[in-house]
1. Any residue in the range 272-285 that is surrounded by 15 or more Cβ atoms within 10 Å (Cβ to Cβ) sitting within a Cβ distance under 9 Å of a residue that is in a helix (DSSP H, G or I) and among the basic types (Lys, Arg)? List the pairs, counting only those 6 or more apart or interchain.
2. Please work out if GLN358 is closer than 29 Å to TRP163 by Cβ, surrounded by fewer than 21 Cβ atoms within 10 Å (Cβ to Cβ) and not β-branched (Val, Ile, Thr).
3. Run VAL349 past the list (1) surrounded by 20 or more Cβ atoms within 10 Å (Cβ to Cβ); (2) at positive phi and report the number of the one that doesn't hold.
4. Could you go through the range 292-304 and let me know if any residue there is assigned to a helix (DSSP H, G or I), without any contact (Cβ under 8 Å) to a residue 24 or more places away in the chain and over 30 Å from PRO253 (Cβ atoms).
5. Of the residues LYS295, LYS282, which single one is more than 30 Å from LEU368 (Cβ to Cβ) and touching a Cys at 6+ places or on another chain (Cβ under 8 Å)?
6. Could you list all residues from the range 256-278 that are out of contact with any strand residue (DSSP E or B) (no Cβ under 9 Å at 6 or more places or on another chain) and under 18 Å from VAL408 (Cα atoms)?
Amino acid sequence: SPQPSPLRELEGSSEPRTAVKGEGEGEKPAEKGLYGVKKASSLNPLPSAYGGHPPPQAGEGKGRGRGEGQVRFLITGEISSIYSQGGPDASAGVRKTRRVHTVVVMPSLEAAAKFNAALQKKGANLSSDGRPIVGIPAKELAKIAIAVDEKAIVIPAHIWTPWFAVFGSMSGFDSLEECFEEQAKHIFAVEMGMSSDAAMNWRVSNLDKVALVASSDAHSLHRIAREGNVFDLPAGQELSYDWVYNTIKEKDPKRFLFTVKYYPQEGRYHYDGHAACKFSCKPEQTRKLKGLCPKCGRSLTVGVLARVEELADRSEGHMPKNAIPTKHLVPLEEVIADALGVGVMSKTVQKEYESLVQQAGGEYQILLDLSYEELAKMTQPIIVEGIKRNREEKLHIEPGYDGQYGKVQIFTEEERREFRGTNKQTALF
């Protein structure tokens, strides 16, 4: 069967920057198990932040990503499983409905095609959605994936989300072993999701054996890589699927440096609450309210923070040995918009974003690497101050709840006016 159109845009290359097809060979990976894009012009238009042109490649700017690297793709997919398994009254024949999202990473397009075929044999309709809904249990998905290729990576997705996650308060499990049973030995990474970070997950000792990874749902192009994992490829080692596989599995902090994430409070399910009544609260208040909304009497949606506390066997602040930390970041577009007091999609923000990215070589270089002196040569003082507050985590945050995103402010209106006023006075002298 023909490949889905996004996959037809992928092609291998024998050189880092050149897509090459050998005669009679068809497609082959750029580096083993990794893929590049055939040509940028064949893709959908890029966001206005890039002015319709491809973003700078690693090596074209300053800081992180220097070298001969280029954007590479792993073959991944997310699957939504809805099924019945176990539960408090399983011994009496009562089984609980489970809703679990799982990410599967394959080492090649060929392996992905075999995995798809195996799912279709079990009646899965993979063309129904970008994240197809199947009646196949998560443990069975893991079994199928590993049977297709022993180097497949099976990652429980956004593990704390109340409605669709392995530990979700509404339909999840209390441990990886309870969910995956005999297949749990193949699970060596979990995705934290927007509403949690590394420090929250460190409270659950059951997760010490797995890597805590961060990733971005590709809901919109300009938000790809808003969360991610930062690796260090030592000199003399070659980037490949196997290298990524081993780096995640071994959790070596010398190679797996840190994860980049939103602030967990910004996630849609950090606090408990009831969106219809615009009510949210901390877990301890939920307990006092006996889980009911004080405005309407209906059940509160129990959020990630409460669920972590329920399963935690360690106090807040515990840090395991060789733990891989999280760096919290507000995306650059939002930093610029907040600093200037205008909308994220405004022409002013998009123009400034494009200018900064072109000068620095990438968003992470700006948010993480460049000195304030270097940034001051590229943009306005208030934007530099916004980046500084972002790095130092000195923000104003209103946590999300019951499907409502949290709100993060870098400047209040008063702080913005004060900064501009102070800066004008300094300029006079």
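1. If the second residue must be in a helix (DSSP H, G or I) and among the basic types (Lys, Arg), the pairs left are CYS281/LYS288; PRO283/ARG307.
2. No, not satisfied.
3. Of everything listed in (1) surrounded by 20 or more Cβ atoms within 10 Å (Cβ to Cβ); (2) at positive phi, VAL349 misses just condition (2).
4. no
5. Being more than 30 Å from LEU368 (Cβ to Cβ) and touching a Cys at 6+ places or on another chain (Cβ under 8 Å) holds for just one of LYS295, LYS282, which is LYS295.
6. GLY267
The rows are residues; the columns are (1) in contact (Cβ under 8 Å) with a residue 24 or more places away in the chain; (2) of a type in the set (Val, Ile, Thr); (3) touching a Cys at 6+ places or on another chain (Cβ under 9 Å).
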residue	(1), (2), (3)
GLU238	yes, no, no
PHE256	yes, no, no
GLN265	yes, no, no
ARG287	no, no, no
ASP313	yes, no, no
MET319	yes, no, no
THR326	yes, yes, no
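Rundown of residues vs (1) polar (S, T, N, Q); (2) surrounded by fewer than 20 Cβ atoms within 10 Å (Cβ to Cβ); (3) free of Cβ contacts under 8 Å to residues at least 24 places away in the same chain; (4) more than 28 Å from LEU207 (Cβ to Cβ), yes/no style:
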site	(1), (2), (3), (4)
THR97	yes, yes, no, no
ALA112	no, no, no, no
LYS121	no, yes, yes, yes
VAL134	no, no, no, no
LYS139	no, no, no, no
ALA145	no, no, no, no
ILE155	no, no, no, no
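The values are calculated or read from the model by the stated rules, or taken from the named source; none is laboratory data. Here the structure is a predicted model, which is why all the values come from computation and not from measurement. Every residue, glycine among them, receives a Cβ derived from its backbone with ideal geometry; neighbour counts consider all protein chains shown.
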